[in-house]
Amino acid sequence: ISMTDFGALPAVRIEGPDGAVAIVTLYGAHLVSWVTSDGQERIFCSAKSSLDGSRAIRGGVPVIFPQFAARGNGMRHGFARVSTWRLGDNGDGFAEFTLTQAELAPGVAAAWPHAFSLTLRVEVLLDELRFVMAVRNAGTAPFPFSAALHSYFMIDRLAYTAIDGVQEGEMLITDKYDHIYFGVERSIVLRSGMGALRLDQQGFTDAVVWNPGAADSAALADMEGDEYQHFVCIEPALIEPVTLEAGATWTGRHQINVVYA
Ligand code: TA6
């Protein structure tokens, strides 16, 4: 690995086999790019995203913790994506990022007063990207949490895109779409004119599929023009809050594989 910048944000460049590269900013432990060994970028990031730590990055793989969307009393989609993580263990093709109470802004820590340790491991393999997200309760009382890896996958056009594995038959998206699929047990396959990706998750019980469509995307300050045509979010998620006992660890995994026809 090596250090680099993404906009004004310090980032870690993880090089895997055959020149595949992922970039992860310390702000949010946010993966913003994954270029596979064929030179193809697989992850969407908006040209209008703020990249200075003033608000969450629009695109990439936001880490959602400890609440999903507005389902809780705290920040929308939680504080992990707007906190600066520490780089931990790293080596050839992988890096781990950690966030604990100590890294939180004082107001954020006061609003969610639980001793926790969140670790995200990002590993770049041949035509594969792996995430391992671990939540540890480092305190003496249980706490509830939700989690997701809100992945923005790059596609060439919505009209050429289909998703298999979330419902009976193939799913097509034509405009705004926002749906939670509870109890996902199969692989999900995302096909577009750019080829196919197979997504496998463990620990995360659910999956969310989201695209803002034309009208909602125009209303987003950090998305421009027809950018909504060029991504679909497919998110391994744990939507309903889970209670984590003192000393316990929850682990969620996500593997993304390029499928060559
Ligand atoms: O995961 C889907 C979702 O919750 C949508 O409802 C949509 O609003 C999206 O996330 C993006 O949320 P954000 O807070 O990043 O604008």
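Bear in mind that the values in this text are calculations on the coordinates, not laboratory data. None of these values were measured; they are calculated from a predicted model. Neighbour counts run over all protein chains shown; Cβ positions are idealised from the backbone, glycine included.
Details
- Taking the chain and dividing mean pair separation by its residue count, relative contact order in percent (alpha carbons under 8 Å, at least six apart): 19 percent
- Label zone at PHE182, where the point sits 7 Å out along the Cα-to-Cβ direction: the stretch 242-256 residues whose backbone N lies under 16 Å: 242-243
- Computed over the chain, the ratio Rg/Rh where both radii use C-alpha atoms and Rh is Kirkwood: 0.94
- Residues PHE6, PHE65, PHE143, ranked from the fewest to the most other C-beta atoms within 10 Å, line up as PHE143, PHE6, PHE65.
- Signed unit charges on C-beta, dipole axis of the chain, positive-most listed residue PHE182, LEU87, GLN255: LEU87
- Dipole moment magnitude, nearest 20 debye, the chain about Cα centre, only Lys, Arg, Asp, Glu C-beta charged: 600 debye
- Loop-located trypsin sites (Lys or Arg not before Pro) across the stretch 184-261 with a Cβ neighbour count of 14 or fewer within 10 Å are ARG186, with loop assigned by DSSP.
- Three-way shape call for the stretch 11-142 based on the alpha-carbon gyration tensor, with the a/c threshold at 1.5: prolate
- Equivalent ellipsoid semi-axes - Cα gyration tensor, the stretch 197-261, angstrom: 30, 19, 8
- Dipole-positive endmost among ASN73, SER33, ALA196 within the stretch 2-259 (Cβ charges, Cα centre): ASN73
- A simple spin-label model places pseudo-atoms 7 Å from Cα toward Cβ; at ALA111 and GLU224 they are separated by 3.0 nm.
- Selected from THR243, VAL209, ALA219, residue furthest toward positive end of dipole (the stretch 2-259; charges at beta carbon): THR243
- The HN-Hα couplings worked out from phi for the stretch 30-46 by the Karplus form 6.51 cos²θ - 1.76 cosθ + 1.60 (θ = phi - 60°) are 9, 6, 10, 7, 9, 9, 7, 5, 7, x, 8, 6, 10, 10, 8, 9, 5 Hz, whole numbers, x standing for Gly and Pro.
- Helix-only [θ]222 nm of the chain, DSSP H runs n ≥ 4, -39500 (n - 2.57) each, per residue, nearest 500: -1000 deg cm²/dmol
- FRET efficiency, 1/(1 + (r/R0)^6) with R0 35 Å, evaluated for ASP38 and ALA214 via beta carbons: 0.70
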